[in-house]
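A.B. asks: Just dropping this structure here.
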Amino acid sequence: MKINLPQLYFSKLMRAIVEFDMIQEGDKILIGVSGGKDSIFLVYALAIMRQRLKKNFSLSALTINPMFTSYFDTERIRAYCESLEIPYDTVDVDIAGAIKAQADKQPCFTCAFFRRGAMNRYAVEHGLNKIAYAHHHDDAVETFLMSLLYSGQLHTFTPCTYLDRTELTVIRPLVYFREEEIKEAIQYHGFTPVPSPCPHDGHTIRQEVKELIQRLEPDIPDLYDHLASGMRKGALGELWPASKTRDEMRDIYFSYMGK
């Protein structure tokens with residue numbers, strides 16, 4: 001299969017890989033593949049980087065079947081990965097059952113937790129040292145705003161994350177791509193995305209935050225860029241100090257009360 005990307009796409013991949021030093025000699029990288037537009041583009045992009053980078057590293061791909069439906073078209077994903085000479089495997093994880101059993105939790109949280117656990121176990125069991133996920137720039141910005149709105153914390157995922165417990169490193173080579181660019185990339189890799197089997201798709205907190213940004217952008221044209229700048233460490237400005245406990249305030253309180 002002939003593989004190629006325009007220079008703009010290649011440059012964005014290289015920027016992420018170089019800036020965050022994502023790939024080292026001898027790496028064995030497991031790609032998380034759902035069959036959607038993002039993960040398929042990641043498979044294609046990393047196949048190109050394997051061809052063009054002056055480093056020896058291996059790629060393999062894994063789909064976690066969440067068992068939401070009786071049929072999930074993984075054979076089409078398998079054929080595509082094999083056309084790129086990337087070994088492919090699937091693992092069934094009853095995420096649907098876990099969501100039902102933990103109805104008090106957000107389904108996306110439960111799904112992500114079990115998916116990550118299954119990916120990590122597979123990587124460790126098969127002697128792989130890195131996991132590549134297809135999160136893009138919009139995902140990072142939305143996560144940043146979600147964290148502020150729903151947990152009161154300034155937080156988003158990092159492009160490169162070392163997991164102490166498993167000694168795995170998670171990399172996200174698509175962090176400089178906008179979602180629209182990945183949609184347009186279908187013309188390069190030629191794979192029609194597999195429909196998501198998730199019954200909650202399009203009805204999540206992430207979707208609400210995505211739509212919130214879209215609604216606000218006409219009135220605040222620089223909103224997305226400001227959110228993107230805000231998630232960088234150097235953007236932190238003047239903030240209140242952390243809340244003090246009652247014990248920490250006790251002596252000060254008594255000094256005001258004359259005791």
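The values are calculated or read from the model by the stated rules, or taken from the named source; none is laboratory data. All of these numbers come straight from a predicted model, not from anything done at the bench. As a convention, Cβ positions derive from the backbone with ideal geometry for all residues, glycine included, and neighbour counts pool all protein chains shown. Only protein heavy atoms, including side chains, enter the accessible area calculation; ligands, DNA and RNA are left aside. Shrake-Rupley method; radii C 1.70, N 1.55, O 1.52, S 1.80 Å.
A.B. asks: Under the condition of being in a helix (DSSP H, G or I) and charged (D, E, K, R), which residue from region 221-236 is modelled with the lowest pLDDT?
C.D. replies: It comes out as Lys233.
A.B. asks: In addition: Is there a residue in region 176-183 that is farther than 19 Å from Val33 by Cβ and of a type in the set (Ser, Thr, Tyr)?
C.D. replies: Checked region 176-183: at least one residue is farther than 19 Å from Val33 by Cβ and of a type in the set (Ser, Thr, Tyr).
A.B. asks: Looking at region 138-150, which of its residues are over 30 Å from Arg76 (Cβ atoms) and either in a strand (DSSP E or B) or open to solvent by less than 60 Å² (accessible area, probe 1.4 Å) (or both)?
C.D. replies: Val141, Phe144, Leu145, Met146, Ser147
A.B. asks: Name the residues in region 48-62 that are aromatic (Phe, Trp, Tyr) and either open to solvent by 40 Å² or more (accessible area, probe 1.4 Å) or in contact (Cβ under 8 Å) with a residue 40 or more places away in the chain (or both), would you?
C.D. replies: Within region 48-62, none qualify.
A.B. asks: Hey, another quick one. Where residues in region 70-111 are at pLDDT 85 or above and of a type in the set (Gly, Ala, Ser), which of them is nearest to Gly202 (Cα to Cα)?
C.D. replies: Of everything passing the filter in region 70-111, Ala79 is nearest to Gly202 (Cα to Cα).
A.B. asks: Let me ask something else. Checking the condition without any contact (Cβ under 8 Å) to a residue 40 or more places away in the chain, open to solvent by less than 80 Å² (accessible area, probe 1.4 Å) and among the acidic types (Asp, Glu), which residue from Asp94, Asp89, Asp73 passes?
C.D. replies: Only one candidate qualifies: Asp89.
A.B. asks: State all residues of region 151-186 that are modelled with pLDDT of 95 or more, assigned to a helix (DSSP H, G or I) and out of contact with any His (no Cβ under 7 Å at 6 or more places or on another chain); if no residue qualifies, say none.
C.D. replies: Passing the criteria: Glu180, Glu181, Lys183, Glu184, Ile186.
A.B. asks: I'd like the full set of residues that are surrounded by 11 or more Cβ atoms within 10 Å (Cβ to Cβ) and within 19 Å of the chain's Cα centre (by Cα), limited to region 226-247.
C.D. replies: Within region 226-247, Leu227, Ala228, Ser229, Gly230, Met231 meet the criteria.
A.B. asks: Looking at the structure I just gave you, is Asn65 touching a strand residue (DSSP E or B) at 6+ places or on another chain (Cβ under 6 Å) and open to solvent by 10 Å² or more (accessible area, probe 1.4 Å)?
C.D. replies: yes
A.B. asks: Taking region 24-35 only, how many residues are out of contact with any Leu (no Cβ under 7 Å at 6 or more places or on another chain) and surrounded by 16 or more Cβ atoms within 10 Å (Cβ to Cβ)?
C.D. replies: Of the residues in region 24-35, 3 are out of contact with any Leu (no Cβ under 7 Å at 6 or more places or on another chain) and surrounded by 16 or more Cβ atoms within 10 Å (Cβ to Cβ).
A.B. asks: Residues in region 197-220 that are free of Cβ contacts under 8 Å to residues at least 40 places away in the same chain, over 30 Å from Phe72 (Cα atoms) and part of a helix (DSSP H, G or I): how many?
C.D. replies: Total meeting the criteria: 3.
A.B. asks: Using beta carbons and a limit of 8 Å, which pairs, at least six apart or on different chains, have the first residue in region 100-124 and more than 20 Å from Ile29 (Cβ to Cβ) and the second one open to solvent by 30 Å² or more (accessible area, probe 1.4 Å) and assigned to a loop (DSSP other than H, G, I, E, B)?
C.D. replies: Here the result reads Pro107/His200; Cys108/His200; Thr110/Gln102; Cys111/Cys198, each pair linking region 100-124 to a residue that is open to solvent by 30 Å² or more (accessible area, probe 1.4 Å) and assigned to a loop (DSSP other than H, G, I, E, B).
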